[in-house]
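Working notes, beginning with the structure itself.
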Amino acid sequence: MTLDRSQRQIHLAAHFPGVNNTTVWTDPTAGSQIDFSSFEYFARNAERGLFDYFFLAEGLRLREHRGQIHDLDVLGRPNTLAILAALAAVTDHIGLVGTLSTTFNEPFELARQLGTLDHLSGGRAGWNAVTSSDSFHGANFRRGGYLDHADRYTRASEFAELSKRLWASWQDDAIVADAETGVFLDERGVSRVRHDSRLFEIDALFDVPSSPQGRPVIVQAGDSADGRDFATAHADVIFSLHTEFADAQEFYRDVKGRLAAHGRDEESLKILPAATFVLGDTLEEAQERSREIALAQVRPETAITYLEQVWNRDFSGYDADGPLPDVEPDTGPESAQGFANRHAAVRARISKLREVATAENLSIRDLIIRLTANHTFVGTPEFVAAEVDRYVQERATDGFTVVGHLTPHGLDEFTERVIPLLQERGSYRESYEEGATLRDLLGLPPVRTGAPVAVGG
Amino acid sequence: MTERVHLAVALDGAGWHPAAWREEGARPRDLTSPRYWRELVGAADEAGVAFATLEDALSLGERGSDTAEPRADRVRGRLDAVLLASYLGPVTRRIGLVPTVTTTHPEPFHLATGLQTLDHASHGRAGARIVAGSSAAERANFGRRTDGPSGLPASGRVEDDPAWTAAFREAGEVVDAIRALADSWEDDAIIRDLETGRFLDRERVHNIEFAGEFFSITGASIVPRSPQGPPLITALAHQSIPYRFAAEHADVVFITPADVAATAGILSEIAAAADDVRTDSERLRVFVDLLVLVEDSTDAANAAWARLEERDPLTTDARIVIGTADAVVEELRGFAATGVDGIRLRPARLPADLVAITDLVVPLATQAGILHDDNGAPTLRERLGLPLRASRYARQEVSA
């Protein structure tokens, strides 16, 4: 097929199945969520499918339900950076991206870890920067749950800016290694990074030489106004939640429209929302499979547990195939400091749930399926490929972060049946270019190392 | 009968001599390339070396160096050791991977889950070399804490500096937390019970509720139990507080006797420390550190050493062995006879002296019956003769 120059290229990320109910462990083919072989299989399959990157979310504390460790869903995952480093050894081309918190890390350390990953992978490292401030996760860290909500994005923004400055602080040619003269390092090639603010007081000499990408790819998921500002200032990729077509187009226009103010063009930021898919030889077969998978993703006990989390009450006596409980939530004493807002939020949430359930006459289980197991693309491989292509050509997204429901085989079918059709359409790569970095795969502008980094915000 | 020892290697940049990067055969431009490390550690693995330690520091200069940085004449720039070890996990077979872990700045929770993940990715070959304290340069890089030691006190003894004794207490807490988190999931916590719809048995996953002097950690690890459970904990020690630290917290201690004769004194000091503070029923294993430079002849070795020293004289804590592979084997024999458990060799030059170790020293020492055969045990702990243990929480449950 001849390449149509006006044709936009699709970018895909492969999301390793997570630790919530959408990952089905009851299927006989479901494998280990922690054995290295599962990660190796998943990443290599994604590499066969020529995906832009492998993506792994982060765990900082095991989920709890009503004061006890949650036991219905897959639980337990690896340290993000360590597993990505291990995967660098068994893959050759695919990007390696993981979620890492700006709250429970420090810039110098995280920048050296990501710089290390970029060296180890030959330029394939990426960082999904997230913020967090709650005391539940904080209880596992020196920092604790200390961060005011308002400071989350301030810290994240300063963190990202500091990381960029640390990565840029080594010139590409700083290492001279001249055995004759005895000069290893050109001291002018390494500059000090100083930063003095309310949140960071740093006077650093970075210790990881300039890595193949200059700086790892930065991904960002936040959707709030603060999140969009952060993304347009710092991110290379947005991992959004907008998959409904018109909504996705609106998000695309809004975010890409903000780039010019930062001196960036449309291609310098890619939008890759999370998407699920179910394939069938016919639409009917795909819909049937989608229903079966949804029922496995939302078992009766999953649905009841979901409601218990919202209501903060014991609903073990309720039937998941029956209507929503007609009781008030337990939101704690309303008079207590800080509880009034929470109380209102929970009530608003419940009233929304009731509204949807009533309008569509849904049982508890079907309501939760509707909320958590509503698959993005359901149909024949031809239909799914056409839809993915349409989203990209019509500027609703630049591609997708594809989430499978099984470990480690979740993306096998997509790789085997959908990818070739995307290639036939001329919108997807036929091979990896030798030596391409993740930045190259994503079609992002190169980073000049050693160049001064613009101070954001 | 000759006493047998385990053999380990300590890897750092272009080697332990500061002028090593200028040697012919050095690869000073490859020190952060994955291929360089894969070849070095791969060679040690093939030769049957029991484990490799990987140096690290959270500053541009060497640990404890107070020279103004950046300095031009020394190797500068490195990779994070825990991540380097993780990278090496899937592409090595038998060798233990023991990265240096700095305990003052990093989050203990991240250190613990990183080491557990290394243990998963290497199928049970994870260790850690624990380093206490921080330098002024490290503190400036992090900018989070101003407390900490500034070099050694005038006496040279860390017990004379409250900042150092605090640093060792903190390092001890980090080890405690690493082990507790490694134990927090029992072996059989994941049940995948279709009958009840439960993925795991929450009675077999334990919040560690760790509350120390320096930090606290409430939850269980996010990482399910790895093949070894707690990784092999090692520490380098030269004097009484570090000996006590190792006796209390480590599985393996690296010591630096000036010669064979000085070893007995150190061993008895460690034994006394262990009597005082060790609660682990398993004996602390002792490895002697030797810095080695190997050439085909004694003259060639001396000439190489003289060339290095002229360029940039070495300051070191370890005994230096300069000579032929046979001379190194004689050193091994001498230290083996003192009853230590192992020898850790620090190659002066990389890759040259590591190649000499793998190609010459190991075969000769094996022939001479000085080295333990690889017992084929799947994990690093078992390979060194240390038992695998059930989670501490499992023990409690059995008695309940």
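The residue of the range A:182-205 that is surrounded by the fewest Cβ atoms within 10 Å (Cβ to Cβ), among those that are at the interface with chain B (Cβ under 7 Å from one of its Cβ atoms) and of a type in the set (A, V, I, L, M, F, W, C), is A:Val183. For the range B:38-47, the condition of being in contact (Cβ under 8 Å) with a residue 12 or more places away in the chain and surrounded by 24 or more Cβ atoms within 10 Å (Cβ to Cβ) holds for at least one residue. Of all residues in the range B:88-109, those satisfying the criterion of being more than 7 Å from chain A (Cβ to nearest Cβ) and more than 22 Å from B:Ala52 (Cβ to Cβ) are B:Thr104, B:Pro108. Scanning the range A:21-57 for residues that are polar (S, T, N, Q), in a loop (DSSP other than H, G, I, E, B) and away from chain B (no Cβ under 11 Å) yields A:Thr22, A:Thr29. For A:Leu162, the conditions (1) among the hydrophobic types (A, V, I, L, M, F, W, C); (2) farther than 24 Å from B:Arg22 by Cα; (3) facing chain B (nearest Cβ under 7 Å) all hold with the exception of (3).
Rundown of residues vs (1) within 24 Å of the chain's Cα centre (by Cα); (2) of a type in the set (A, V, I, L, M, F, W, C), yes/no style:
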{"site": "B:Leu284", "(1), (2)": "yes, yes"}
{"site": "B:Leu314", "(1), (2)": "yes, yes"}
{"site": "B:Asp326", "(1), (2)": "no, no"}
{"site": "B:Val329", "(1), (2)": "yes, yes"}
{"site": "B:Phe335", "(1), (2)": "yes, yes"}
{"site": "B:Ile343", "(1), (2)": "yes, yes"}
{"site": "B:Asp353", "(1), (2)": "yes, no"}
{"site": "B:Thr366", "(1), (2)": "yes, no"}
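If you scan the range B:191-200, which residues turn out to be under 18 Å from B:Arg225 (Cβ atoms), at the interface with chain A (Cβ under 7 Å from one of its Cβ atoms) and not basic (Lys, Arg)? Passing the criteria: B:Phe199, B:Leu200. Does the range A:109-118 contain any residue that is in the same structural domain as A:Trp170 (by TED's automatic domain parsing), among the basic types (Lys, Arg) and more than 19 Å from the chain's Cα centre (by Cα)? There is at least one residue in the range A:109-118 that is in the same structural domain as A:Trp170 (by TED's automatic domain parsing), among the basic types (Lys, Arg) and more than 19 Å from the chain's Cα centre (by Cα). Among residues of the range B:334-346 that are more than 11 Å from B:Ala264 (Cα to Cα) and surrounded by 23 or more Cβ atoms within 10 Å (Cβ to Cβ), those with a Cβ under 7 angstrom from a residue that is of a type in the set (Ser, Thr, Tyr) and at pLDDT below 95, sequence gap 6+ or separate chain, pair up as B:Ala336/B:Thr2. Within the group A:Arg439, A:Arg417, A:Arg429, which residue is in contact (Cβ under 8 Å) with a residue 60 or more places away in the chain, touching a Pro at 6+ places or on another chain (Cβ under 7 Å), surrounded by fewer than 19 Cβ atoms within 10 Å (Cβ to Cβ) and not aromatic (Phe, Trp, Tyr)? Residue meeting the stated conditions: A:Arg417.
Exactly one residue among B:Ala394, B:Ala377, B:Ala390 is assigned to a loop (DSSP other than H, G, I, E, B), over 22 Å from the mean Cα position of the chain (by Cα) and over 23 Å from B:Thr263 (Cα atoms), and that residue is B:Ala390. Just one of the listed residues (A:Ala179, A:Ala221, A:Ala174) is facing chain B (nearest Cβ under 7 Å), small (Gly, Ala, Ser) and either farther than 26 Å from B:Thr146 by Cα or under 32 Å from the mean Cα position of the chain (by Cα) (or both), and it is A:Ala179. As a summary of the residue check, A:Glu284 satisfies the conditions (1) in contact (Cβ under 8 Å) with a residue 24 or more places away in the chain; (2) assigned to a helix (DSSP H, G or I); (3) surrounded by fewer than 13 Cβ atoms within 10 Å (Cβ to Cβ) except for the one numbered (1). Check the range B:127-135 and report whether any residue there is more than 18 Å from B:Glu248 (Cα to Cα) and buried (at least 24 other Cβ atoms within 10 Å of the Cβ). Yes, the range B:127-135 contains a residue that is more than 18 Å from B:Glu248 (Cα to Cα) and buried (at least 24 other Cβ atoms within 10 Å of the Cβ). Applying a threshold of 7 Å to beta carbon distances and a minimum spacing of six or more residues, or different chains, the list of pairs starting in the range B:68-87 at a residue that is at the interface with another protein chain (Cβ under 7 Å from one of its Cβ atoms) and on the phi > 0 side of the Ramachandran plot and ending at one that is outside any loop (DSSP other than H, G, I, E, B) and crowded, with 21+ Cβ neighbours inside 10 Å reads B:Gly77/A:Ile175. The set of residues in the range A:79-126 that are facing chain B (nearest Cβ under 8 Å), among the β-branched types (Val, Ile, Thr) and surrounded by 22 or more Cβ atoms within 10 Å (Cβ to Cβ) comprises A:Ile83, A:Thr116. For the range A:372-404, the tally of residues that are crowded, with 24+ Cβ neighbours inside 10 Å, part of a loop (DSSP other than H, G, I, E, B) and modelled with pLDDT of 95 or more stands at 2. Among the residues of the range B:52-62, none qualifies, meaning not one is surrounded by fewer than 21 Cβ atoms within 10 Å (Cβ to Cβ), away from every other protein chain (no Cβ under 11 Å), farther than 21 Å from B:Ala235 by Cβ and at pLDDT 95 or above. If you check A:Arg194 against the conditions, is it in contact with a Ser or Thr (Cβ under 8 Å, 6 or more places away or on another chain), of a type in the set (D, E, K, R) and not in a helix (DSSP H, G or I)? No, not satisfied. Is the range A:129-148 home to any residue that is over 25 Å from B:Asp73 (Cβ atoms), assigned to a strand (DSSP E or B) and either at pLDDT 95 or above or away from chain B (no Cβ under 11 Å) (or both)? Looking for residues that are over 25 Å from B:Asp73 (Cβ atoms), assigned to a strand (DSSP E or B) and either at pLDDT 95 or above or away from chain B (no Cβ under 11 Å) (or both), one finds at least one in the range A:129-148, hence yes.
Among the strands (runs of 3 or more DSSP E) contained in the range B:248-347, which hold 1 or more residues that are farther than 25 Å from B:Thr100 by Cα? Steps first, answer last, please.
Details: elements: B:252-255, B:285-294, B:319-323, B:342-347.
Because the criterion is at least 1 residues that are farther than 25 Å from B:Thr100 by Cα, the strands (runs of 3 or more DSSP E) in the range B:248-347 that meet it are B:285-294, B:319-323.
Residues that are out of contact with any Ser or Thr (no Cβ under 9 Å at 6 or more places or on another chain) and among the hydroxyl-bearing types (Ser, Thr, Tyr) within the range A:17-40 comprise A:Thr26, A:Thr29, A:Ser37, listed in sequence order.
Here is a yes/no grid of residues against (1) touching a strand residue (DSSP E or B) at 6+ places or on another chain (Cβ under 7 Å); (2) β-branched (Val, Ile, Thr):
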position	(1), (2)
A:Asn128	yes, no
A:Leu147	no, no
A:Ala156	yes, no
A:Gly182	no, no
A:Arg194	yes, no
A:Asp207	no, no
A:Ile218	yes, yes
A:Ala231	yes, no
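Quick one: would you say B:Arg225 is more than 14 Å from every other protein chain (Cβ to nearest Cβ), modelled with pLDDT of 95 or more and within 27 Å of B:Trp185 (Cα to Cα)? No: the conditions fail for B:Arg225.
The values are calculated or read from the model by the stated rules, or taken from the named source; none is laboratory data. On a predicted model such as this, the values are computed, not experimentally measured, just so you know. A quick note on method: Cβ atoms are made from the backbone with ideal geometry, for glycine too, and the neighbour counts reach across all protein chains shown.
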